[in-house]
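Below: the structure, in structure tokens.
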Amino acid sequence: MKKSSLRSGLAGIALLSAAVFGGTVASPAAAAPDGAGIDVYVVPEARATAVEAYWTPERMRAAIPADVLASDNRALTDRKDIIKGEPVISGSPQAAGAEIISPTAVREAPVATIGKVFFTLGGADYVCSGNVVSAPNRSTVATAGHCVNEGGGAYASRWTFVPAYENGRAPYGQWSATAFAAPTQWTASGDISYDAAFVRIAPRNGATLQQTVGATPVAFNQARGLVYEAFGYPAAAPFTGETLQSCYGRATADPFGQSLSQGIPCDMTGGSSGGPWFLSSGAQNSVNSFGYNTVANRMFGPYFGSVVQGSYTAAANG
């Protein structure tokens, strides 16, 4: 599917995936490898019910792009023998002497399944992006690990998802989290290769999130080096976070060999964290995660293998 047809087909895929694909278009379910685990955090009910009143339009506009939460990732900076670039989560500024790649992010019309994520961590309010993925519970959002947990630390509170957000408008309302599922490689030690999470969402007005906005399929254990279209709400300059943006290109390996993540040409900045990467089939297969301060205009996303699939299963079946 070419880029133009992927964009026009997303709405249809979102509405049809539950019926056509059932749960996922993943490879057969596989257990996480030895040494890997899944961390599930259930949001206390009292916290979940108070979220919508907290997130006023003013607080949403003032939220900080969540890239600052993991810009000093321990799993990389402790490895002094191989570190060649400092990770900057979701967005890589153009560095002096770095290869120049023409900016590629373009504005998109709102997509019902893709939205902004807002949450509180350490007393500050943050913003990310996310996407509704087809799930047995019909209530699951995919995002970045650092959009639910600071990486080897605390979980977020006041977590809410606003699908199809644009310029302050929330046509489908706010949707609160009831549980987070993420690889322990992220939640215990902040390993950037596993910067992915899935969020279980509470019903709203008697309907599930997937019933209301649809969902896209999600795929795991795919080949590397595929072509992706990535979406998100970059909020750091030169973007405002008020409109959906996209990038397109073929994935390549981490140039420093410091992670298992792949990168695509993209100049989206902080706030786009957690936005979906789609294959030509329309299945989500990664999320916006990080960039390097020495590699201009390249966004990296985690490989969706068996470990990430385990997180999806934990969130999607609850």
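The values are calculated or read from the model by the stated rules, or taken from the named source; none is laboratory data. Since the structure is predicted, the reported quantities are computational estimates derived from the model, not experimental observations. Every residue, glycine as well, gets a Cβ built from its backbone with ideal geometry; the counts of neighbours run over all protein chains shown. Accessible surface areas use protein heavy atoms only, side chains included; no ligands, DNA or RNA. Shrake-Rupley method; radii C 1.70, N 1.55, O 1.52, S 1.80 Å.
Being open to solvent by less than 10 Å² (accessible area, probe 1.4 Å) and in contact (Cβ under 8 Å) with a residue 60 or more places away in the chain narrows it down to one residue among Ala235, Ala202, Ala188, Ala215; which is it?
Result: Ala215 is the single residue among Ala235, Ala202, Ala188, Ala215 that is open to solvent by less than 10 Å² (accessible area, probe 1.4 Å) and in contact (Cβ under 8 Å) with a residue 60 or more places away in the chain.
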Worksheet item: Out of (1) open to solvent by 10 Å² or more (accessible area, probe 1.4 Å); (2) closer than 16 Å to Glu166 by Cα; (3) touching a Phe, Trp or Tyr at 6+ places or on another chain (Cβ under 8 Å), the odd one out for Thr240 is which?
Response: (3)
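Going by the conditions given, is Arg200 in a strand (DSSP E or B), under 26 Å from Phe220 (Cβ atoms) and among the basic types (Lys, Arg)?
For Arg200, the condition - in a strand (DSSP E or B), under 26 Å from Phe220 (Cβ atoms) and among the basic types (Lys, Arg) - is met.
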Worksheet item: Can you tell me which residue in the stretch 288-309 is farthest from Ala223 (Cα to Cα), limited to those that are open to solvent by 20 Å² or more (accessible area, probe 1.4 Å) and in contact with a strand residue (DSSP E or B) (Cβ under 9 Å, 6 or more places away or on another chain)?
Response: Asn293
Worksheet item: Where residues in the stretch 106-157 are in a loop (DSSP other than H, G, I, E, B) and within 12 Å of Pro276 (Cβ to Cβ), which of them is nearest to the chain's Cα centre (by Cα)?
Response: Ala144
Worksheet item: So which residues in the stretch 218-232 are in a strand (DSSP E or B) and either under 19 Å from Met268 (Cα atoms) or open to solvent by 30 Å² or more (accessible area, probe 1.4 Å) (or both)?
Response: Val227, Tyr228, Glu229, Ala230, Phe231, Gly232
